[in-house]
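See structure below.
The values are calculated or read from the model by the stated rules, or taken from the named source; none is laboratory data. Remember, it's a predicted structure, so these values are computed and weren't measured experimentally. Virtual Cβ from ideal backbone geometry, glycine too; neighbours counted across all protein chains shown.
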Amino acid sequence: MNIIDLKSIKKDYRNKKRIITSALRGLDLRIEEGEFVAIMGRSGSGKSTLMNIIGLLDSDFEGEYSFKSKNVKNLSGNKLSELRGKEIGFVFQQFNLLKKTDVLHNVLLPTVYRSSRGDNKRAESLIEKVGLKDKIHNKSNELSVGQIQRVAIARALMMDPSVILADEPTGNLDTKTAVEVMDLMIGLNKEGKTLVIITHEEDIAAYANRIVQLKDGQIEKEGKKR
Amino acid sequence: MKISALIGQAFTAIFANKVRSFLTVLGIVIGIGSVIALISLGDSVSNTIGENFSSLGSAMITVNSKPVKEDTDAIDEETDQNEDPGIMMMGRDHGEENGMRAMFMGVVSDPTLTEQDFNDIRNLGEDKVTAVSPEISKTSDVAYNDLSKSLTVTGVDIAYFQIEGYEIAEGVLFSNEDIAGKSKVVVLASQSYNDLFGSENAIDEVITIDEEECRVIGVLSEKKESQFINPNEAILLPYSSALESFDQEMFTTISVEAANEEIVSSVCSEIETLLLANHEIADTGDADFTIISSQDILDMQESTMAILTGVFAAIAGISLVVGGIGIMNIMLVSVTERTKEIGLRKAVGAKTYHILIQFLTESVILTLVGGLVGIGIGYLISLIAARMISITTVLSIDAVVLAVSISGAVGIVFGLYPAWKAARLDPVDALRYE
Ligand SMILES: Nc1ncnc2c1ncn2[C@@H]1O[C@H](COP(=O)(O)OP(=O)(O)O)[C@@H](O)[C@H]1O
Ligand SMILES: [Mg+2]
């Protein structure tokens, strides 16, 4: 079953001088539940734009988008927030932890906007899972970049989403830490999470079972691995 | 949404910028401080005024002598006999103000009121006036044994005790016979008694007032002090005896107790008509007396209070608005600084109102903290000010509730725009913000 179904997606950006940049020009993409997809392409090829659309952060585009067979094109901002909170876990390239807030509360952040029980226990077990048990009460500014990405992964898992989206999650990491973080992500995919990773590194993409190559807002080539 | 998480986040954000938060909140502190000082002081001042005048009675009318300004010859003639340096004559140049001053300070001008005036007012009848007493005072050398003091001695009618609410502690008050017979008898107020006798027996003892022997027949119980006059310092003798001893024919003051509050102003005008006729004065403007009711004074006090209240309220209002703008400014800065955070929150599921409430909570907590500090400072100011004008002040629950509500409201009003700006940020733009 397709969890993500994008048809003829077009996205134009207009800057203040009314100059139009076409970031996506008629793109079709289907992602099945449980898949691990790597999106590759040069800088400026439209990867992040695509990611924002997939992640329900951006609904201002042309074309059709069904998420879990539901048309999400015309949902209100608040409905999108709700869906995002429930279905999608984000891991960004940088920043994206609350400063002056400890690991536990960063992981708990998504739960602030919904009332679910047993939050702390789940957060603690996720922190343990990403190997940061001893850092649970450390402030985020006391962590290394690798540790920050682990916290972000734990946070992304907090609401038990069906899709994990990661925009260049290893972009700021050295090779060794990058491998550790990727191992973590691959583990999640093995547990059944749909995983979409943006990267421009071949080594990272090699882990995926499908690679989507973008060029100038279109899919240049697409290949299944293994 | 979880309230505890919300408040926790707000405090984290506020404490992340302690100095900035403190400076931001100063305007609110000053504004709320003024509100509290205003209410606490205002309440206690009007309480004090109220007490003073309830001790006086709300249906009191005071007729005071007033020297005529223009006709100096006439005054000179009249005052020749009055120009006794012992008679208090402060404030004789103050004309219009005299009534007020006399009422407040016990300042007396040249006596112009006659025994005829007194009798005529009394003859208005019980249904209009319930008590009438003339007053004539003189600073005299009062001596008992080898103790001698310069004290104010006042001649009054029996009705004076009723008007002033004096009660007899020992002995008796003087009688109509004493007045008719110009008896040299005195009644002492509690402190004057203490000054002269300590705690010894005074009844039937003889004191001298300017070398004239007088017999003490009564001592009054202690009365609660009012702000302007100490009622426990008084040496009272029949007005007839006083006129004779002081070599006077006129009274400085006639105190009148009207039958009830409703008729005070009509009694005032009746007295005016009476006295103008008695003094053969055609024009009210030339009157050699002033008539003032306790109601008039209360009104004056109240309008003074209203002006003070207005000034304080303006200070409070201005500093609250300025403080509010400061809050708005700092919240806008905060929203800009935390754009990425807002994007992140939206990415993990925050809806528009979640962000709105988050920033509103921050601004309201800021103003509430400012409000609480302001309450403390305002109360301190009112305590100090109250001590300076020797009244007591209390921090009323109402004032605290009002101050808390106002500071909360300022937080909401001035926090709304920044919070709304934060809430409507587009998540993609917010996440991209550098
Ligand atoms: N908010 C924006 N406003 C204007 N142009 C944008 C905006 N975001 C992206 N673009 C442009 O759209 C194109 C695609 O950008 P992006 O999706 O970020 O590419 P990638 O992530 O592959 O580097 C680029 O040319 C970029 O300059
Ligand atoms: Mg990008």
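Observations, loosely collected:
- Of all the residues in region A:94-122, those that are surrounded by fewer than 17 Cβ atoms within 10 Å (Cβ to Cβ) and more than 8 Å from every other protein chain (Cβ to nearest Cβ) number 6.
Results for (1) within 16 Å of ligand 2 (Cβ to nearest atom); (2) in contact (Cβ under 8 Å) with a residue 24 or more places away in the chain; (3) under 19 Å from the mean Cα position of the chain (by Cα), shown as yes or no for each residue.
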| site | (1), (2), (3) |
| --- | --- |
| A:8 | no, yes, no |
| A:29 | no, yes, yes |
| A:33 | no, yes, yes |
| A:36 | no, yes, yes |
| A:49 | yes, yes, yes |
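- Qualifying positions in region A:10-27 - within 14 Å of chain B (Cβ to nearest Cβ) and either touching a helix residue (DSSP H, G or I) at 6+ places or on another chain (Cβ under 9 Å) or within 16 Å of ligand 2 (Cβ to nearest atom) (or both): A:11, A:13, A:21, A:23, A:24
- Restricted to region A:168-194, and to residues there that are within 16 Å of ligand 1 (Cβ to nearest atom) and surrounded by fewer than 22 Cβ atoms within 10 Å (Cβ to Cβ), the residue that is modelled with the highest pLDDT is A:168.
- Check on residue A:166, within 23 Å of residue A:27 (Cα to Cα) and under 12 Å from the mean Cα position of the chain (by Cα): yes
- Here residue A:140 qualifies as touching a Leu at 6+ places or on another chain (Cβ under 6 Å) and among the hydroxyl-bearing types (Ser, Thr, Tyr).
- Among residues of region A:203-226, those that are in contact with a strand residue (DSSP E or B) (Cβ under 8 Å, 6 or more places away or on another chain) and either modelled with pLDDT of 90 or more or of a type in the set (Asp, Glu) (or both), counted: 13
- Exactly one residue among B:365, B:391 is more than 14 Å from chain A (Cβ to nearest Cβ), over 30 Å from residue A:155 (Cα atoms) and among the aliphatic types (A, V, I, L, M), and that residue is B:391.
- Restricting region B:175-200 to residues that are of a type in the set (D, E, K, R) and farther than 14 Å from residue B:153 by Cβ, the residue that is surrounded by the most Cβ atoms within 10 Å (Cβ to Cβ) is B:178.
- When B:120, B:178, B:141 are screened for being touching a helix residue (DSSP H, G or I) at 6+ places or on another chain (Cβ under 6 Å) and of a type in the set (Asp, Glu), only B:120 passes.
- Taking the criterion of being surrounded by fewer than 22 Cβ atoms within 10 Å (Cβ to Cβ) and modelled with pLDDT under 90, the residues of region B:104-124 that qualify are B:104, B:105, B:106, B:107, B:110.
- Residue check, residue A:69 at pLDDT below 95, closer than 24 Å to residue B:345 by Cβ and polar (S, T, N, Q): no
- A search for C-beta distances below 6 Å between a residue of region A:58-75 that is within 14 Å of chain B (Cβ to nearest Cβ) and any residue that is outside any loop (DSSP other than H, G, I, E, B), counting only pairs 6+ apart in sequence or on different chains, returns A:58/A:52; A:58/B:428; A:61/A:9; A:61/A:11; A:61/A:53.
- Checked against (1) free of Cβ contacts under 8 Å to residues at least 12 places away in the same chain; (2) surrounded by fewer than 20 Cβ atoms within 10 Å (Cβ to Cβ); (3) of a type outside the set (A, V, I, L, M), residue B:312 meets all criteria but (1).
- First in region B:260-285 and over 20 Å from residue B:134 (Cα atoms), second anywhere and buried (at least 16 other Cβ atoms within 10 Å of the Cβ) and acidic (Asp, Glu), Cβ under 8 Å, 6 or more apart: B:281/B:288; B:284/B:272
- Selected residue [part of a helix (DSSP H, G or I) and within 16 Å of ligand 2 (Cβ to nearest atom)] from B:399, B:430, B:422, B:403: B:430
- All positions within region A:137-158 that are outside any helix (DSSP H, G or I), more than 23 Å from residue A:85 (Cβ to Cβ) and of a type outside the set (S, T, N, Q): A:137, A:139, A:143
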